[in-house]
Amino acid sequence: MWGMSQHDFPLDLVEAQTAWYRAYWQLAESGPTASTTTDRRRLQQLSKQIAAHPYWCGPSGTPAARMELKEFARREVGR
């Protein structure tokens, strides 16, 4: 578990969110002639994995926690 100010996020959830940001930025930085199908599919897969994670069903799964996870993951990937 990763320590946060109020939340302890499961490692797999943090890894999925950081992978989401990496995939998003890779897609955003791809050139206009690049084939983006694989990157878009990866982004969709990660989005589903994050949204359906069991962590969100517990008492800590608040909208504020979702934002905190995103902010934490963004810092982890250095953007």
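So here's what we get for this one:
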read-out	value
Interchain or long-range residues, amide H under 5 Å from Phe9's placed H	Trp2, Met4
Virtual spin-label span in nm between Arg74 and Arg41, 7 Å along Cα→Cβ	3.0
Relative packing of peptides 52-64, 29-41, 12-24 - highest average C-beta neighbours within 10 Å first	12-24, 52-64, 29-41
Value of relative contact order over the chain, rounded to a whole percent, pairs C-alpha under 8 Å and six or more apart	39
Computed [θ] at 222 nm, helices only, for the chain once each DSSP H run of length n ≥ 4 contributes -39500 (n - 2.57)	-20000 deg cm²/dmol
1.4 Å probe accessible area per residue over the chain, in Å²	66
Anisotropy class of the chain from Cα gyration tensor, a/c 1.5 cut	prolate
Radius 13 Å from Cβ of Ala51, net charge of other residues (Lys, Arg +1; Asp, Glu -1)	+3
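The values are calculated or read from the model by the stated rules, or taken from the named source; none is laboratory data. Owing to the predicted nature of the structure, the values given are computational and were not obtained by experimental measurement. Every residue, glycine as well, gets a Cβ built from its backbone with ideal geometry; the counts of neighbours run over all protein chains shown. Ligands, DNA and RNA are stripped out before the accessible areas are found, and what is left, the full protein with its side chains, is counted by its heavy atoms. Shrake-Rupley method; radii C 1.70, N 1.55, O 1.52, S 1.80 Å.
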